[in-house]
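Since the structure comes first, as structure tokens, the remarks are kept for the end.
The values are calculated or read from the model by the stated rules, or taken from the named source; none is laboratory data. It should be emphasised that the depicted structure is a prediction, and the values quoted were computed from it without experimental measurement. Cβ: placed from backbone, ideal geometry, glycine included. Neighbour counts: every protein chain shown. Heavy atoms of the whole protein, side chains included, go into the accessibility calculation; ligands, DNA and RNA do not. Shrake-Rupley method; radii C 1.70, N 1.55, O 1.52, S 1.80 Å.
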Amino acid sequence: MSIDILTKAFHQVDWRRLEQVHEAAAAALPVLAEPAELGRLWDRMEEDEQLAASAEAFNTFQKFVLQDDPETGVRLRLHIFGDHMVEEAHNHRASFSSLILRGSYRHVLYGNVEDIWGDENRPAQAPDPRFIQEQLTGSSYTLDNAFVHAVYANPGTISLVIQGPRDRSSFRIYDFVEGTTRTRVGGSNAKEAQEPGERKIGRAELGTVRLKLAELGLLT
């Protein structure tokens, strides 16, 4: 069972120790990404009212929560990137590991959010890149929630993500075009859409997405 794979891989992992997280993800993600396993995860998500309701579309990608363990805070998510690209840098509420299943993206790293921007009440400045890499199909990485990064994905790029417990109530986003910064809170604390193009994905669309993933050979 997919849940057992996650539980076995992460039951003793300290999410403050990224080397432990990365090793556990390296063992779990390729297994969970097998087409038969991913298909089972997807179908289970569609049958679960809460998981299905968590499916969302944003201005650059679609997010599907395939597993959410309230006891450990570990989530398994599938991200499907579209053809709309924004020039933004951001950190996260939780640390995570990602495996690229299809496509690629340019990954730009900037540094720790507190070191770059300081307190949330201070105006943010455009950060300077410290590391740039092309993430190709089959590549993986693990990122701490404090680290600011930017992702410029090629259309149709798909990734499988294991997210840890949420350590932050919010995260910051810097818009390079506008030169502005904004703060985003967790979805459960938001009273309305926080981003342009943000919307819930309905059940009919879930079925359409599943057919697309099956055509790509990513699930059965």
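Each Lys and Arg Cβ is given +1 and each Asp and Glu Cβ -1; about its Cα centre, segment 112-159 then shows a dipole of about 180 debye. Counting only Cβ charges, +1 for Lys and Arg and -1 for Asp and Glu, the dipole size of the chain around its Cα centre is about 80 debye.
When the Cα positions of Gly179, Thr72, Ile116 are compared along the charge dipole of segment 61-220, Thr72 comes out farthest toward the positive end, with charges on each C-beta of Lys, Arg, Asp and Glu.
Scanning residues 5 or more positions from Asp167 or on other chains, those with amide H under 5 Å from its amide H are Ala94, Ser95, with H placed 1.01 Å from N in the peptide plane.
At the listed q of 0.11, 0.20, 0.23 Å⁻¹, the Debye profile of segment 89-196, built from one uniform point per Cα, gives log10 I(q)/I(0) equal to -0.36, -1.19, -1.40. Taking a ≥ b ≥ c as the square roots of the eigenvalues of the Cα gyration tensor of segment 40-142, is the shape rounded (a/c under 1.5), prolate (a/b larger than b/c) or oblate? It is prolate, given that a/c is not under 1.5 and a/b is the larger ratio. The packing ranking, built from the mean of other Cβ atoms within 10 Å per residue, places the peptides 135-141, 95-101, 51-57 in the order 95-101, 51-57, 135-141, highest first.
Counting only heavy atoms of protein chains, what accessible area per residue, in Å², does the chain have with a probe of 1.4 Å? Averaged over the residues of the chain, the accessible area is 51 Å². The base-10 log of I(q)/I(0) for segment 1-98, evaluated at q = 0.10, 0.23, 0.24 Å⁻¹, reads -0.30, -1.36, -1.40 [Debye formula, identical scatterers on Cα atoms, solvent excluded]. The angle separating the long axis of helix 18-32 from the principal Cα axis of greatest extent in the chain is about 30 degrees. Ligands, DNA and RNA excluded, the heavy atoms of Lys200 present near 120 Å² of accessible surface to a 1.4 Å solvent probe. Quantify, in whole percent, the carbon and sulfur part of the accessible surface of the chain (1.4 Å probe; protein heavy atoms only). Carbon and sulfur together cover 49 percent of it. Could you point to the label whose value was computed as Cα extents along the principal axes in Å for the structure here, given [x] 56, 54, 22; [y] 47, 37, 34; [z] 60, 45, 32? Computed from the coordinates, Cα extents along the principal axes in Å corresponds to [y].
Legend: residues Met45, Met85, sorted from most to least accessible area (1.4 Å probe; ligands, DNA and RNA excluded), read Met85, Met45.
Principal-axis analysis of the Cα atoms of the chain puts helix 203-215 at an angle of about 80° to the longest axis. Other residues with beta-carbon under 12 Å from the beta-carbon of Glu37 carry, at +1 per Lys or Arg and -1 per Asp or Glu, a net charge of -1. Accessible surface comparison of Trp42, Trp15, probe 1.4 Å, protein chains only, largest first: the order is Trp15, Trp42.
Computed from Cα atoms, the angle from the helix 35-47 axis to the main principal axis of the chain rounds to 80 degrees.
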